[in-house]
1. Count, please, the residues in region A:1-29 that happen to be open to solvent by less than 40 Å² (accessible area, probe 1.4 Å), out of contact with any Lys or Arg (no Cβ under 9 Å at 6 or more places or on another chain) and under 30 Å from B:ARG145 (Cβ atoms).
2. When residues of region B:47-57 are filtered for being of a type in the set (D, E, K, R) and either within 14 Å of chain A (Cβ to nearest Cβ) or open to solvent by less than 50 Å² (accessible area, probe 1.4 Å) (or both), how many remain?
3. Taking A:ALA32 as the residue in question, decide whether it is at pLDDT 85 or above and touching a Lys or Arg at 6+ places or on another chain (Cβ under 9 Å).
4. Give the residues of region B:1-46 that are in a helix (DSSP H, G or I), small (Gly, Ala, Ser) and either open to solvent by 60 Å² or more (accessible area, probe 1.4 Å) or facing chain A (nearest Cβ under 8 Å) (or both), sorted by residue number.
5. Here are some conditions: (1) farther than 30 Å from B:ILE7 by Cβ; (2) more than 14 Å from chain B (Cβ to nearest Cβ). A:GLN43 meets all but one. Which one does it not meet?
6. Residue check: is A:LEU76 farther than 26 Å from A:LEU52 by Cα and assigned to a helix (DSSP H, G or I)?
7. Taking the conditions exactly as written (part of a helix (DSSP H, G or I), open to solvent by less than 30 Å² (accessible area, probe 1.4 Å), out of contact with any Cys (no Cβ under 7 Å at 6 or more places or on another chain) and more than 30 Å from B:ALA112 (Cβ to Cβ)), does A:THR66 satisfy them or not?
Amino acid sequence: MEENEIKELFARFEPEMAPDFEFMNRLEQNLASVELIRQRSAQLRARSRRVLLIATCAGFLVGVLTTLAVPQIAALLAALHLPFQPLLPWLTVAAFTLFSSLSAYDFMNSDYSLL
Amino acid sequence: MTREQFIKHVEGNQKAFRRFLAALCCGDSALADDIAQEALIKAYLSSDGFQCPEKFNAWIYRIGYNCFLNHRRTLRPSVSYDQALDVPAEGRADNEELYAALNRLPEKERTALLLFYMEGYAVKEIAEILATSVDAVKQLLSRGRTHLKEKYGRERD
């Protein structure tokens, strides 16, 4: 078998394949699906960034408000005679901040969210 | 690259690409088309970062070759490729001897031969597609020619 024969052998090679239009239709459908998934992922990423921003803002706002109310909280806790008195008001501020952030995050991800 | 541009690029070259994969899959054109679809989707997903339009075809062939290797790797634990090829496939009968001979060649030799003789790629381009050196491709072609002569001759006898 000579070099030319190998060339001829491959030149003659014509496998039976599905029609071109069928292959291209399938490819176009696949690419359209890929595009749809890409768009949907981009939307989800943008939405999740907005949700995080809102949750952070809610936490910050509640944190500032509860910090302003620290003297009142301290007075209330002192009346209850609980241990660790100096720390308790700040722990309360932290708990409120965390709770409001998480609640805002959950609410924004729920069906009631307007996002 | 937009979807329309990508489709336009592919449309003119898909036949040769599918023919190459069909030969690589030893005549299983349905499998070759599946691998071609997978390769083209992968290419589309990374086409934004692709900078050299003149090397588009070689790039597609490289992805196709890698998809073929991945497919072989997933097939290996349960079924041997020879066994898989025993299943009758559309259009295999006409080129039975060639497929049988190709099937007995190592993947890299088979790919180098197909790219060189069927697609007309230069040795340097084949080296890029196979991610190897020019000397290695020359060796692959030399060994591949010898093996193909032996195996094809045996199939015909």
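1. Qualifying residue count, region A:1-29: 2.
2. The qualifying residues number 1.
3. yes
4. Result: B:GLY12, B:ALA22, B:ALA23, B:SER29, B:ALA30, B:ALA32, B:ALA36.
5. Exception for A:GLN43: condition (1).
6. yes
7. It is true that A:THR66 is part of a helix (DSSP H, G or I), open to solvent by less than 30 Å² (accessible area, probe 1.4 Å), out of contact with any Cys (no Cβ under 7 Å at 6 or more places or on another chain) and more than 30 Å from B:ALA112 (Cβ to Cβ).
The values are calculated or read from the model by the stated rules, or taken from the named source; none is laboratory data. None of the values given here were measured: they were computed from a predicted structure. Please note: Cβ atoms are built from the backbone with ideal geometry, for glycine as well, and neighbour counts cover all protein chains shown. Keep in mind that these areas ignore ligands, DNA and RNA; they rest on the heavy atoms of the full protein, side chains included. Shrake-Rupley method; radii C 1.70, N 1.55, O 1.52, S 1.80 Å.
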